[in-house]
1. So the check is Cβ under 7 Å with 6+ separation or different chains; which pairs have a first residue in region A:31-44 that's under 11 Å from B:F48 (Cβ atoms) and facing another protein chain (nearest Cβ under 7 Å) and a second one that's surrounded by fewer than 19 Cβ atoms within 10 Å (Cβ to Cβ) and of a type in the set (V, I, T)?
2. So for region A:124-132 (the condition being modelled with pLDDT under 80 and not aliphatic (A, V, I, L, M)), does at least one residue qualify?
3. Taking B:D174 and the conditions (1) within 14 Å of A:L24 (Cα to Cα); (2) surrounded by fewer than 17 Cβ atoms within 10 Å (Cβ to Cβ), which numbered condition does it fall short on, given that it satisfies the others?
4. For region A:182-197, how many residues meet the condition of being surrounded by 16 or more Cβ atoms within 10 Å (Cβ to Cβ) and modelled with pLDDT of 75 or more?
5. B:E19 - would you say it is surrounded by fewer than 18 Cβ atoms within 10 Å (Cβ to Cβ), assigned to a helix (DSSP H, G or I), modelled with pLDDT under 90 and within 11 Å of chain A (Cβ to nearest Cβ)?
6. Just checking, does region B:119-136 include any residue being at pLDDT below 90, more than 10 Å from chain A (Cβ to nearest Cβ), under 28 Å from A:T116 (Cα atoms) and under 16 Å from the mean Cα position of the chain (by Cα)?
7. So in region A:249-264, with the set limited to residues that are at pLDDT 90 or above and either of a type in the set (D, E) or within 12 Å of A:L165 (Cα to Cα) (or both), which one is surrounded by the most Cβ atoms within 10 Å (Cβ to Cβ)?
8. How many residues does region B:21-80 hold that are without any contact (Cβ under 8 Å) to a residue 60 or more places away in the chain and among the hydroxyl-bearing types (S, T, Y)?
Amino acid sequence: MLQEENSKRSKSHLPSEEEIEVLLSQIKPRPGTSFYEKMGHAPWETPRIRFSPRLARPLVVTALMMILILSASFTIPSVQAVARQLLRYFSPSMSDLSSVQSPLPLPGGQVSAYYTLSLGQAQIEAGYTLKTITELPDNMVFSGAHIEPSLKAAAFRYSNGRDDLIFTQRPLGIITEYSSIGASATVDPVQVRGVRGEFVSGAWRLQSGQATIQETSLPGTQTNLGLYWDASFPQHNLRWQENGMAFELLCTGETIGKTKMIEIADSIK
Amino acid sequence: MKGQNKSLQDVDTFRRLYERAHIIVYRYIYGSLGGPVQEVEDLTAETFMRAWKARNRFEGDEDAAIGWLIKIAHNLVIDNYRRKQTHGVDEELEETQLYAQQAGPEERLLIREQVRILQWLLHNLTPEQHEIIVLRYMLDWPVNRIAEHVGMLENTVSVSLRRILQRLRDNWPDRY
């Protein structure tokens, strides 16, 4: 559709009103990293969460690990083993409370600072052919990509300014392919793209006042994060695997539910 | 979550509002000013700082809070304009600021050029017309929400939008 419109414009040069509307809709600027660095010190940001540009790298790793993977490093191994027999992609914890040793706290509202690449740049950095969503929900637009080289993971962020949709893909075998969820979480087996997938609503959230970090700019500073599972938190997670790749759709907000996420997954090419 | 904002005095509620609204405010200011990016970022930050300071006086749901932020941003843009008495188009429109990244290099170049012309034309609109265009296309607000925000009838907004588009088309430079 977009390409058709662009092609029409290049032929006529003088755009029609409809083409001007399309052009206007394409102007979707977003703040750069300097804005997010500045706003990281805003009074409504938790004062203890401080980071400097030197910490950007571990922060990116942490963000991706925490948001997209939440690997079972903070669950009990025996529980993981049992869980893996029952579920393929999600591993329930013993309770809805947990903690994790992390180089840095969850970045909260700073997430958008990591999705700085265009699709083209992401494709080059990934080194393998990336799939993309071809049918986005209304008003959602691509708003940046991130590549995490250590996981060979590519994450695309789509946003409508209110809700976020994050599509992640990575080759299997680099990390353990399951994700920790709270004991009360419900794992819903679903059919996605002709294979078995799993759907979970809810998220691990930081316990208020639990996160601490030493005021140091040394990368890798460890901190204890207290987490609790919030099953009512408007975040949905759909995971599946196909052709040697692990895929995940993560959506925040209340407008996109399970059925829509499966439809979105079906449109991935 | 929508429509259920607690008082903005609560830090978590304000932070959540910031997380959800900062791109909206940024796009509104960018659309109103046309750049430069640094100025847009500064005014976006200032919008939230003012909202933070005045949060005790605000009551309403999330949509109302976003409308309130847009009004603060609008006032800042006006102040900024009065102070400088000039406005221009950002010459460094970055590719990442356009949702056209799927297009080929030649098409992207064309789109960039057309967007530059469009931004120049937008600055020849009246402030009211400019605002309607920014709210409709850059923020994707429906007509009824724009009407409520600017205090017009829905039909008036719809007619204005058609007229503005006509005007943009009529004023499009022939040589391009």
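1. From residues that are under 11 Å from B:F48 (Cβ atoms) and facing another protein chain (nearest Cβ under 7 Å), the pairs are A:W44/B:V11.
2. Within region A:124-132, the first condition is being modelled with pLDDT under 80, and the residues that meet it are none.
Among the residues of region A:124-132, not one is modelled with pLDDT under 80 and not aliphatic (A, V, I, L, M), which makes the answer no.
3. With (1) within 14 Å of A:L24 (Cα to Cα); (2) surrounded by fewer than 17 Cβ atoms within 10 Å (Cβ to Cβ) applied to B:D174, the lone miss is (1).
4. We begin by selecting, within region A:182-197, every residue surrounded by 16 or more Cβ atoms within 10 Å (Cβ to Cβ); these are A:182, A:185, A:187, A:190, A:192, A:197.
Then keep just the ones that are modelled with pLDDT of 75 or more; that gives A:185, A:187, A:190, A:192, A:197.
The qualifying residues number 5.
5. Details: surrounded by fewer than 18 Cβ atoms within 10 Å (Cβ to Cβ): no; assigned to a helix (DSSP H, G or I): yes; modelled with pLDDT under 90: yes; within 11 Å of chain A (Cβ to nearest Cβ): yes.
Considered against the rule, which asks whether it is surrounded by fewer than 18 Cβ atoms within 10 Å (Cβ to Cβ), assigned to a helix (DSSP H, G or I), modelled with pLDDT under 90 and within 11 Å of chain A (Cβ to nearest Cβ), B:E19 comes out as no.
6. Yes, because at least one residue in region B:119-136 is at pLDDT below 90, more than 10 Å from chain A (Cβ to nearest Cβ), under 28 Å from A:T116 (Cα atoms) and under 16 Å from the mean Cα position of the chain (by Cα).
7. That would be A:L249.
8. Count: 3.
The values are calculated or read from the model by the stated rules, or taken from the named source; none is laboratory data. Please read these numbers as outputs of a predicted model, since none were measured by experiment. Cβ sites come from the backbone with ideal geometry, for glycine too, and all protein chains shown count toward neighbours.
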